[in-house]
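The values are calculated or read from the model by the stated rules, or taken from the named source; none is laboratory data. Remember, predicted model here, so these are calculated numbers, not experimental data. Cβ placement follows ideal geometry from the backbone for every residue including glycine, while neighbour counts extend to all protein chains displayed. To get the accessible areas, we keep the full protein, side chains included, count just its heavy atoms, and leave off ligands, DNA and RNA. Shrake-Rupley method; radii C 1.70, N 1.55, O 1.52, S 1.80 Å.
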Protein chains: 2
Amino acid sequence: MKKYSDMYRDELFQNVLPFWMKHSKDEECGGYFTCLDRQGNVFDTDKFMWLQGRQIWMFSMLYNNVEKRQEWLDMAEHGARFLQQYGRDSQGNWYFSLNREGKPLVQPYNIFSDCFAALGFGALSKASANNSYAEIARSTFENILKRSSNTKGQYNKIYPGTRDLKNFALPMILSNLSQEIEDTLDRSVVDGLVKEIVHEVMDIFYRPDLGVILENVYPDGSFCDSFEGRVVNPGHNLEAIWFLLDIAVRQNDEMLIQRLVKIALDVIEYGWDKQYGGIFYFMDVKGAPVQQLEWDQKLWWVHVEALVCMAKAYQLTGDNRCKEWFERLHEYTWKHFRDEQYGEWFGYLNRRGEVLLELKGGKWKGCFHVPRGLYQLWQTLNAEVKVEKKEIITT
Amino acid sequence: MKKYSDMYRDELFQNVLPFWMKHSKDEECGGYFTCLDRQGNVFDTDKFMWLQGRQIWMFSMLYNNVEKRQEWLDMAEHGARFLQQYGRDSQGNWYFSLNREGKPLVQPYNIFSDCFAALGFGALSKASANNSYAEIARSTFENILKRSSNTKGQYNKIYPGTRDLKNFALPMILSNLSQEIEDTLDRSVVDGLVKEIVHEVMDIFYRPDLGVILENVYPDGSFCDSFEGRVVNPGHNLEAIWFLLDIAVRQNDEMLIQRLVKIALDVIEYGWDKQYGGIFYFMDVKGAPVQQLEWDQKLWWVHVEALVCMAKAYQLTGDNRCKEWFERLHEYTWKHFRDEQYGEWFGYLNRRGEVLLELKGGKWKGCFHVPRGLYQLWQTLNAEVKVEKKEIITT
């Protein structure tokens, strides 16, 4: 597998990071452009907070973990200054989007803006001497926990009491976020949270009878036969599984690793499009029509996260099925998503694997899943495949 | 064109209405099932208010305009009883959805629930001796006008003042709704509203330089270079144009007819997929990537409304280009959307015209666009094509 490690490293440093270094910095107004067409031209100047926070994290993480390259730190601080100045309302909630100049466009209805801001500022606080970054990460994280029972606040359109469902997305993001910024937080808070999240995912959202992690369940974990209750997002499953594999490695929990790898293999078998290849975006666990019209599309992040998941699963268990899935995914992604000509990867393919939107970045795709995945794959595939030596792939 | 008229009439009465008569009535809890698979089996029992109101309208309209068939009136009143009992909050706003038993699921954030409730109760008030229906239509309509400056109320996520855009959907629906329920309303209110709406569509949302009606513009009608500002929905354009053609006929405004037909021809030429046929769902007026992942899909309502638009345009002008477009649309829709085997039409095709979701009804597709369109086509195509005699196709 080591030959792949070099490929992913080179892809990161030669084909992907240069794209963002060259095209995404808004020198005039601050922050990052993320709406970039195939060649890297800016086609929209709005600043979407998920992607601003994620890009701060990406360059800070590289600075922290790979090399103290000044241009990476500069890039991270460039975004941080913009977010620090314009990103929050008076209560410290992060807006969903700003216009180019930093004026708010969409209210803080979406807690993932806060999650990715905390992620970015947390990583940057390790890289930079500026003390304010750690404080922003900390207060944002506290605010997330405070808002976690009703993350949308006044914007929550669900009528209370009729069908109160728990959603998988926040525990999943927190499982990653709490590890990423643990140095900034109180150790006991992180430990308690991680324990709770592992329980939530494995005992509430994962359904052994169905073989998948559901996106929405009743508070007691029981199945809700509705559009929201039936939907399965295989990419979410596989991304969450590698977050939890990292936790299992840190906790030296071999049983959890075995359970997770079994689920990963079930999910990818279930989510794989037997006709055209690739992983479906959304599926209905009862086989009913889904409400998401984009259900059969092949998305970059789904496939990148699946690659990371299978690489980690193989590295931790030596299970040959994981290697085979990794290689199948590698072949599919490099053939369909990678853009040799202009750098970075395409984001959206139709079911047949043809490019559906030629963008490299947009409202939801930024400098995040592709470079993070390439970094993870470079590191993971470079490690020895040894079942007994699990601490090898801590990220 | 008269041969087509019979085809559409037969399709309505033999292939489409029987499907809804047979499968959609919830005898146990009231209201209608709309989530029906290809064969008509119920795959979800939630009650989405847009579709409940629209189905009441559909059967009431047939009763009013075609024949006093008791089963149609019964079907309409069956839905009305459910909505009357469960559909509104204490302020008279209509919920977005209820569960099967009528308990609210999603709050009244969406004013189109109110629009289609008013549409349904308005039509039913003409058919039924029950006086409460007219009162519901009237008070709902007043409430819509009251809410029209901020239809989403507390659920509005747009930050005020940075980029306040006007949206095309409400004026468009009101142009149809105000005509449909005019008997229930004050005549001067309707006349004033219609005048204002024609102005809004033709002078604010229609952009002669771009040749299309935009979905969102600045209050003064100027172009906003953002995802929302750039998006074009050709189906919306064509549906609005036939609503306005009806208005132009009533007002005997030959100039407006000519302008509308020109726009319709421009829009369908622009929206037509030259590679695979059919009309795109969303496009970007500057050719940038759209945010809607389903942009290239072929939707039933888009094509049904385009058929109605071209049939009316031809009937009113005798312009041969309209006839050619009608015939091209006829061929495409009957080949790809129609389901000879189980009745009704498919709703969602991929770009190539292959069925993407096998449902006949769901969260957004109910007993509305297909039967309404078939009724309109039956009537329109049966009328003489006479440029000078415009009042022929009043609906």
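Please enumerate the residues belonging to region A:337-356 that are farther than 16 Å from A:MET7 by Cα and away from chain B (no Cβ under 14 Å).
Here is the first cut: in region A:337-356, the ones farther than 16 Å from A:MET7 by Cα are A:341-342, A:346-356.
If the condition is that a residue be farther than 16 Å from A:MET7 by Cα and away from chain B (no Cβ under 14 Å), then A:GLN341, A:TYR342 are the ones that fit.
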Original post:
Assuming B:TYR8 fulfils every condition listed in (1) touching a helix residue (DSSP H, G or I) at 6+ places or on another chain (Cβ under 6 Å); (2) of a type in the set (Ser, Thr, Tyr); (3) open to solvent by 20 Å² or more (accessible area, probe 1.4 Å) apart from one, which condition is it?
Top reply: (3)
Original post:
Just wondering, is there one or more residues in region B:48-55 that are in contact with an Asp or Glu (Cβ under 9 Å, 6 or more places away or on another chain), among the aromatic types (Phe, Trp, Tyr) and more than 14 Å from B:TRP72 (Cα to Cα)?
Top reply: no
**OP:** Kindly indicate which of B:GLN14, B:GLN55 is surrounded by fewer than 21 Cβ atoms within 10 Å (Cβ to Cβ), more than 14 Å from every other protein chain (Cβ to nearest Cβ) and under 29 Å from B:LEU381 (Cα atoms).
**Re:** B:GLN14
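Looking at region A:350-377, which of the residues that are small (Gly, Ala, Ser) and not in a loop (DSSP other than H, G, I, E, B) is surrounded by the most Cβ atoms within 10 Å (Cβ to Cβ)? Spell out how you get there, then give the answer.
Residues of region A:350-377 small (Gly, Ala, Ser): A:353, A:361-362, A:366, A:373.
This time we only want the ones that are not in a loop (DSSP other than H, G, I, E, B), so: A:361, A:373.
Working: A:GLY361: 30, A:GLY373: 28.
Ranking the qualifying residues of region A:350-377, first place goes to A:GLY361.
Yes or no: A:TYR218 in contact with a strand residue (DSSP E or B) (Cβ under 6 Å, 6 or more places away or on another chain) and of a type in the set (Ser, Thr, Tyr)?
Details: in contact with a strand residue (DSSP E or B) (Cβ under 6 Å, 6 or more places away or on another chain): no; of a type in the set (Ser, Thr, Tyr): yes.
So A:TYR218 does not fit the description; no.
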**OP:** Report yes if A:GLN291 is closer than 30 Å to B:PHE43 by Cβ, open to solvent by 20 Å² or more (accessible area, probe 1.4 Å) and assigned to a loop (DSSP other than H, G, I, E, B), otherwise no.
**Re:** yes
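Test A:ASN252 against the stated conditions and say whether it is surrounded by fewer than 16 Cβ atoms within 10 Å (Cβ to Cβ) and either over 21 Å from A:ARG321 (Cβ atoms) or within 19 Å of the chain's Cα centre (by Cα) (or both).
On the way: surrounded by fewer than 16 Cβ atoms within 10 Å (Cβ to Cβ): yes; either over 21 Å from A:ARG321 (Cβ atoms) or within 19 Å of the chain's Cα centre (by Cα) (or both): yes.
Yes.
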Original post:
Going through region B:203-251 one residue at a time, which ones are β-branched (Val, Ile, Thr) and closer than 11 Å to B:MET172 by Cβ?
Top reply: B:ILE213, B:ILE241
Original post:
Taking the condition within 13 Å of another protein chain (Cβ to nearest Cβ), touching a Pro at 6+ places or on another chain (Cβ under 7 Å) and over 25 Å from A:ARG207 (Cα atoms), does A:LEU359 pass?
Top reply: yes
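State whether the residues of region B:386-393 include one that is of a type in the set (Val, Ile, Thr) and at pLDDT 95 or above. I'd like the intermediate steps shown before the answer.
Initially, region B:386-393 is screened for residues of a type in the set (Val, Ile, Thr), giving B:387, B:392-393.
Those left that are additionally at pLDDT 95 or above: none.
No, region B:386-393 contains no residue that is of a type in the set (Val, Ile, Thr) and at pLDDT 95 or above.
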**OP:** Could you look through region A:281-330, keep only residues that are within 13 Å of another protein chain (Cβ to nearest Cβ) and among the basic types (Lys, Arg), and pick out the one that is nearest to B:GLN297 (Cα to Cα)?
**Re:** A:LYS298
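If a residue must be surrounded by fewer than 21 Cβ atoms within 10 Å (Cβ to Cβ), over 26 Å from A:VAL42 (Cβ atoms) and away from chain A (no Cβ under 14 Å), how many such residues does region B:266-280 contain? Reasoning before the result, please.
Kept after step one, since they are surrounded by fewer than 21 Cβ atoms within 10 Å (Cβ to Cβ), are these residues of region B:266-280: B:266, B:269-270, B:272-277.
Add one more test, that the residue is over 26 Å from A:VAL42 (Cβ atoms), and what stays is B:266, B:269, B:272-277.
Now drop any that are not away from chain A (no Cβ under 14 Å), which leaves B:266, B:269, B:272, B:274, B:277.
Qualifying residue count, region B:266-280: 5.
Please state which one of B:TRP301, B:TRP345 is surrounded by fewer than 24 Cβ atoms within 10 Å (Cβ to Cβ), of a type in the set (A, V, I, L, M, F, W, C) and under 20 Å from the mean Cα position of the chain (by Cα).
Values: B:TRP345 fails: surrounded by fewer than 24 Cβ atoms within 10 Å (Cβ to Cβ).
Just a single option satisfies the conditions, and that option is B:TRP301.
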**OP:** For region B:19-41, name all the residues that are over 20 Å from B:SER97 (Cα atoms) and either more than 14 Å from chain A (Cβ to nearest Cβ) or open to solvent by less than 40 Å² (accessible area, probe 1.4 Å) (or both).
**Re:** B:PHE19, B:MET21, B:LYS22, B:GLY40
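Considering only residues that are within 17 Å of A:ASP46 (Cα to Cα) and either away from every other protein chain (no Cβ under 14 Å) or not hydroxyl-bearing (Ser, Thr, Tyr) (or both), which ones fall in region A:67-95? Reasoning before the result, please.
Of all residues in region A:67-95, those within 17 Å of A:ASP46 (Cα to Cα) come to A:78-88, A:94-95.
Passing the criteria: A:HIS78, A:GLY79, A:ALA80, A:ARG81, A:PHE82, A:LEU83, A:GLN84, A:GLN85, A:GLY87, A:ARG88, A:TRP94.
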Original post:
What's the number of the condition B:GLU101 fails, among (1) in contact with a Cys (Cβ under 6 Å, 6 or more places away or on another chain); (2) surrounded by 17 or more Cβ atoms within 10 Å (Cβ to Cβ); (3) of a type outside the set (Ser, Thr, Tyr)?
Top reply: (2)
**OP:** Show the residue pairs that are 6+ apart or on different chains and have beta-carbon atoms under 7 Å apart, the first residue being within region A:21-45 and among the polar types (S, T, N, Q), the second being open to solvent by 50 Å² or more (accessible area, probe 1.4 Å).
**Re:** A:GLN39/A:TYR342; A:THR45/A:ARG100
Original post:
Which of the residues spanning region A:139-183 are outside any helix (DSSP H, G or I), surrounded by 19 or more Cβ atoms within 10 Å (Cβ to Cβ) and within 18 Å of the chain's Cα centre (by Cα)?
Top reply: A:PHE168, A:ILE181
Original post:
Are there any pairs, at least 6 apart or on different chains, whose C-beta atoms fall under 6 Å, with the first in region B:140-163 and within 13 Å of chain A (Cβ to nearest Cβ) and the second part of a helix (DSSP H, G or I), and if so, which?
Top reply: B:GLN154/A:GLN154; B:TYR155/A:TYR155; B:LYS157/A:TYR155
**OP:** Give region B:96-113 a look and list any residue that's over 24 Å from the mean Cα position of the chain (by Cα), more than 9 Å from chain A (Cβ to nearest Cβ) and of a type outside the set (D, E, K, R), or say none.
**Re:** B:GLY102
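Which residue is nearest to B:PHE280 (Cα to Cα), if the candidates are limited to region B:217-233 and must be within 13 Å of chain A (Cβ to nearest Cβ) and open to solvent by 20 Å² or more (accessible area, probe 1.4 Å)? Working first, answer last.
So in region B:217-233, the residues within 13 Å of chain A (Cβ to nearest Cβ) come out as B:224-231.
Adding the requirement that they be open to solvent by 20 Å² or more (accessible area, probe 1.4 Å) leaves B:225, B:228.
Details: B:ASP225: 21, B:GLU228: 17 Å.
Among them, the one singled out is B:GLU228.
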